[in-house]
Amino acid sequence: MEPSMAMIHAKDIVRTYPGKVPTPALRGVSFDVAHGEFVAIMGRSGSGKSTLLHQLSLIDEPDAGEIAIDGRNVLALTDAQKTAYRLSNLGYIFQEYALIAELSALENVFLPAMALGSDSTPYKKRAQELLTIVGLGDRLDHYPNELSGGEQQRVAIARALINSPKVLYADEPCANLDSASAKTVLELFAKLRHDLGQTIVMVTHEPDDKQYVDRVIRLSDGVIEDIETVKSRKA
């Protein structure tokens with residue numbers, strides 16, 4: 001795939017954590033993610049999965065390599081520009097949900113839009129629409145402690161979508177969920193990819209999760225061990 005045609009273009013990504021004994025986490029990782037593709041990053045603990053996601057999502061910066069998102073060299077941005085780019089163009093879902101306990105589901109969802117200084121009125125409407133899409137249209141005014149783990153994660157998904165991100169990143173999004181809730185979340189991701197053309201990159205350690213994705217990138221000791229195109233997938 002030509003870099004200009006990729007939603008994400010990563011080339012020769014290197015990341016080493018400093019210390020008395022430096023720890024190499026990524027040793028020259030290269031791959032592309034297409035527009036509207038759902039990709040899983042898999043590998044054993046310590047293989048570099050979350051480190052790679054942090055580079056792609058601009059949470060961290062590699063020691064060497066190139067990252068372009070939708071044709072833009074994001075590593076060339078200043079820190080302030082990266083912060084603005086993350087808020088405007090990237091969505092994040094983490095395993096711990098990271099909801100604000102004092103805010104309702106609706107308020108949690110439109111909060112990132114408020115961080116951009118946007119008028120809250122249209123975003124409240126969009127937040128309602130997104131919560132309906134994730135199956136929580138009747139839980140708008142509920143607080144996190146009134147929701148199950150699976151429901152909280154779906155609120156987090158709706159929140160990640162509020163600014164219509166180019167890429168949705170998910171780091172072990174089902175790690176704290178029971179099997180039924182995990183299935184609901186993964187089916188929702190597949191639906192977002194299929195219905196909305198959402199590009200999704202997900203870190204997971206569960207081999208069974210590959211049935212929901214388009215491709216699997218397997219890491220081992222900071223390098224790509226294998227890239228598998230999933231032939232039979234739910235879409």
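Bear in mind that the values in this text are calculations on the coordinates, not laboratory data. Remember, it's a predicted structure, so these values are computed and weren't measured experimentally. As a convention, Cβ positions derive from the backbone with ideal geometry for all residues, glycine included, and neighbour counts pool all protein chains shown.
Some notes on this structure:
- Single unsatisfied condition, Asn163 versus (1) more than 12 Å from the chain's Cα centre (by Cα); (2) assigned to a helix (DSSP H, G or I): (2)
- Of all residues in the stretch 154-164, at least one satisfies being among the basic types (Lys, Arg), surrounded by 22 or more Cβ atoms within 10 Å (Cβ to Cβ), at negative phi and in contact with a helix residue (DSSP H, G or I) (Cβ under 6 Å, 6 or more places away or on another chain).
- Screening Leu188, Leu136 for residues that are touching a residue at least 40 places away in the same chain (Cβ under 8 Å) and either touching a His at 6+ places or on another chain (Cβ under 9 Å) or closer than 28 Å to Met5 by Cα (or both) leaves exactly one candidate, Leu188.
- Leu106 farther than 30 Å from Ala76 by Cα, more than 13 Å from the chain's Cα centre (by Cα) and not charged (D, E, K, R): yes
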